[in-house]
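Report on the structure given below.
FYI, it's all coordinate maths here, none of it is from the lab. No experiment lies behind these values; they were computed from the predicted model shown. Virtual Cβ from ideal backbone geometry, glycine too; neighbours counted across all protein chains shown.
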Amino acid sequence: MSQHEISLTVNGAAVTKTVEARTLLVHFIRENLELTGTHIGCDTTSCGACTVVLDGKPVKSCTVFAVQANGATLQTIEGVAPDGKLHPVQEGFWEKHGLQCGYCTPGMIMTAKSLLEKNKKPTEQEIREGISGNICRCTGYNKIVEAIQYAAAKLEEAR
Amino acid sequence: MIPASFDYHAPRTLDEALALLRQNEGAKVLAGGQSLIPAMRFRLAQPEVLVDINGLSQLDYIKEQGGYLALGALTREAALEESPLIRHSYALLLDTAKVVADPLVRQRATVGGNLAHADPANDHPATMLAYGASVVARGPGGERVIGIDQFFTGLFESALAPNEILTEIRIPTPGPGAGGAYLKIERKVGDYAVTGVAVQLTLSGNVCKSIRIGLTNVNPTPMRAVGAEQRLTGQALSDEALEAAGQIAAGECSPSADLRGSEEYKRDLTRVVLKRAVRLAQSRVKGSN
């Protein structure tokens with residue numbers, strides 16, 4: 001079993017830690033960094049509750065080893081509103097009631113944020129496809145889609 | 001769920017990666033990890049050594065050269081979806097990339113890994129069989145090219161030796177009159193196929209000059225529907241010919257009953273999806289309308 005020292009940027013701050021090779025990124029985030037906004041939903045690469053943005057890409061952090069994040073830039077839900085002002089995607093979930101129990105929300109927001117960075121004016125279909133790796137068991141997705149549409153409009157206004 | 005312990009290496013060069021495989025019997029190559037890491041979490045796989053090739057950016061490319069499309073083994077599924085070249089000229093490949101797992105998994109999942117894993121439920125095996133692709137493997141003795149028809153040797157088994165790394169996939173550039181399509185029936189996004197049919201054909205007028213058909217998840221190994229191909233080759237693509245080919249494919253595959261359906265259901269679905277996939281491929285032949 002190998003131990004590795006890894007250095008990465010987490011929500012803008014430099015972090016250096018020692019991890020066992022088998023430590024999953026999601027466990028590293030929750031247990032070593034104590035950032036518990038990233039959730040574990042299924043443990044089977046199905047649900048997307050653990051979605052984080054790794055080097056600019058939304059990924060399921062249960063399906064990456066922490067040691068693979070050495071040298072990377074990582075953003076978790078805690079890094080989305082660093083100055084306390086909600087990101088337009090977060091605001092959209094608030095305004096449009098894009099959550100009920102809230103368990104999937106951090107992952108949904110990380111995916112939605114990445115989607116809107118790539119596609120500034122997504123159609124409803126593109127939003128639905130874009131979040132198809134994130135499972136929500138409460139909302140039936142309609143309110144989540146509306147929240148992302150709200151965020152897209154808000155971001156467009158700001159440009 | 002936590003994987004069993006292992007030693008981890010992140011080589012910087014292909015030669016270094018090959019040396020690590022040579023020195024560590026039972027080592028596994030870690031590419032996108034979207035099949036291997038779940039298998040390790042369930043402890044279905046417990047490799048003692050992982051050789052992480054994600055740092056080998058020289059294996060990440062999409063380019064046309066010498067009559068074929070060359071895909072570096074580390075090409076991510078999401079990169080295929082976004083590539084203007086793939087979107088323009090490789091409809092079958094684009095169809096496939098869009099239905100592999102889900103959009104988050106596709107950010108990391110690689111084409112090379114999808115093939116090297118040799119899972120008959122994966123999508124690229126059928127597609128590469130339909131394209132008549134070949135794969136390039138590097139090992140201690142140098143490089144060799146393996147035809148896709150010789151690549152899948154069993155359930156989760158391929159012609160790759162334990163000390164070899166798949167480095168490139170080569171897809172013949174489609175010529176005039178060519179069209180392709182991949183249709184997958186899945187219960188929900190992210191699930192494996194109930195059945196999937198990959199078709200690549202070449203038409204001359206309404207006559208099918210050549211056709212290759214690959215099937216997903218209806219056989220213990222990825223397979224070509226050779227009988228169906230023979231039925232359609234040299235024929236006009238009439239409804240009767242398609243129905244006959246669909247029935248032949250339904251007979252020559254060998255699905256297992258599971259939560260996705262009975263054997264009979266999967267065979268019949270294969271018949272129907274084959275007909276649709278051929279029609280879609282036909283409609284995509286340039287100038288066919």
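Taking the Cβ of residue A:60 as the center, what net charge do the other residues with Cβ under 10 Å away carry, scoring Lys and Arg +1 and Asp and Glu -1? Could the numbers behind the result be given before it?
Values: positive: B:108; negative: B:102.
Every neighbour counted, the sum reads 0.
Rounded to the nearest 5, what is the percent of antiparallel bridges among the DSSP beta bridges in the protein assembly as shown? If you can, show how the numbers build up before the last one.
Numbers: 60 of 68 bridges.
Roughly 90 percent of the beta bridges in the protein assembly as shown run antiparallel, per DSSP.
For residue A:85, which aspartates and glutamates qualify as cross-link partners when the Cα separation must be under 19 Å and same-chain residues fewer than eight apart are set aside?
Straight-line reach from residue A:85, under 19 Å: A:95, A:117, A:156, A:157.
For the stretch B:224-289, take the alpha-carbon Rg, divide it by the Kirkwood Rh, and send me Rg/Rh. The partial results should precede the final answer.
Values: Rg = 13.0 Å, Rh = 12.5 Å.
Taking Rg over the Kirkwood Rh, I get 1.04.
Work out the mean other chain Cβ neighbour count within 10 Å for the residues of B:151-161 and drop it here as an integer. Present the calculation step by step, with values, prior to reporting the outcome.
Working: counts 0, 0, 0, 0, 0, 0, 0, 0, 0, 0, 0.
Mean inter-chain Cβ contacts per residue within 10 Å come to 0.
Considering only DSSP beta bridges with both partners in chain B, what is the antiparallel share in %, to the nearest 5?
Working: 45 of 51 bridges.
Expressed as a percentage, antiparallel bridges in chain B total about 90.
In nm, to one decimal, how far is the modelled label at residue B:233 from the one at residue B:64, with both set 7 Å along Cα→Cβ?
Going from the residue B:233 label point to the residue B:64 one covers 2.6 nm.
Can you compute the FRET efficiency between residue B:265 and residue B:241 using 1/(1 + (r/R0)^6), with r the Cβ-Cβ distance and R0 = 25 Å? Round to the nearest 0.05.
Details: r = 24 Å, r/R0 = 0.96.
With a Förster radius of 25 Å, E is 0.55.
Taking neighbour counts of Cβ atoms within 10 Å as a proxy for exposure, in what order, fewest first, do A:45, A:51 appear? Let's see the in-between values first.
Working: A:45 22, A:51 33.
Final ranking by Cβ density, sparse to dense: A:45, A:51.
Using alpha-carbon positions, what is the distance between the centroids of the stretch B:157-220 and the stretch B:250-289, in Å?
Between the Cα centres of the stretch B:157-220 and the stretch B:250-289 lies a distance of 12 Å.
Any chance you could give the angle, 0 to 90 degrees and rounded to 10, that helix B:239-252 forms with the longest Cα principal axis of chain B?
Between the helix axis and the principal axis of chain B, the angle is about 40 degrees.
Set the Förster distance to 22 Å, then compute FRET efficiency between residue A:119 and residue A:73 from the Cβ-Cβ distance, nearest 0.05.
On the way: r = 21 Å, r/R0 = 0.97.
Efficiency for this residue pair is about 0.55.
Figure the gain on full extension for residue B:14 and residue B:98 (residue separation times 0.36 nm, minus the Cα-Cα span) and round it to one decimal in nm. Intermediate values should be presented prior to the final figure.
Working: separation 84, 0.36 × 84 = 30.24 nm, distance 2.91 nm.
Result: 27.3 nm gained on full extension.
Which pairs, out of B:63/B:275; A:113/B:188; A:17/B:98; A:113/B:266; A:17/A:120; A:96/B:184, put more than 29 Å between their alpha-carbon atoms?
Working: B:63/B:275 31 Å; A:113/B:188 23 Å; A:17/B:98 37 Å; A:113/B:266 39 Å; A:17/A:120 36 Å; A:96/B:184 34 Å.
Among B:63/B:275; A:113/B:188; A:17/B:98; A:113/B:266; A:17/A:120; A:96/B:184, the Cα-Cα distance tops 29 Å for B:63/B:275; A:17/B:98; A:113/B:266; A:17/A:120; A:96/B:184.
Would you order B:14, B:183 from fewest to most other beta-carbon atoms within 10 Å of each residue's own beta-carbon? Show your work: numbers first, answer last.
On the way: B:14 15, B:183 23.
With the sparsest Cβ surroundings first, the list reads B:14, B:183.
With +1 on the Cβ of every Lys and Arg and -1 on the Cβ of every Asp and Glu, and nothing else charged, how large is the dipole of the protein assembly as shown about its Cα centre, in debye rounded to the nearest 20? Mind dumping the intermediate values first?
Numbers: 46 positive and 48 negative charges, 173 e Å.
With only Lys, Arg, Asp and Glu charged at Cβ, the dipole is about 840 debye.
Could you name the aspartates and glutamates in cross-link range of residue B:28, using Cα to Cα under 15 Å and dropping any fewer than eight places away on the same chain?
Output for residue B:28: B:7, B:16, B:48, B:52, B:157, B:164.
Mind sorting B:223, A:108, B:40 by how few other Cβ atoms lie within 10 Å of their own Cβ, fewest first? Before the final figure, lay out each step's value.
On the way: B:223 21, A:108 28, B:40 24.
Lowest to highest Cβ neighbour count: B:223, B:40, A:108.
With both partners inside chain A, how many of the DSSP beta bridges are antiparallel, as a percent to the nearest 5?
Working: 15 of 17 bridges.
The antiparallel proportion sits near 90 percent.
In whole Å, how far is the Cα centre of the stretch A:32-68 from that of the stretch A:92-158?
Each part's Cα centre sits 18 Å from the other's.
If you consider only alpha-carbon coordinates, what radius of gyration and Dmax does the protein assembly as shown have, in Å?
22.6, 68
If only Cα atoms are counted, what is the Rg of chain B, and what is its Dmax, in Å?
Gyration radius and largest Cα-Cα distance of chain B: 18.9, 59 Å.
Counting only helical runs of four or more DSSP H residues, what would the 222 nm mean residue ellipticity of chain A come to if each run contributes -39,500 (n - 2.57) and the total is spread over all its residues? Write down the numbers at each step before the final one.
Details: 4 runs with 46 residues, N = 159.
So the helix-based figure for chain A works out to -9000 deg cm²/dmol.
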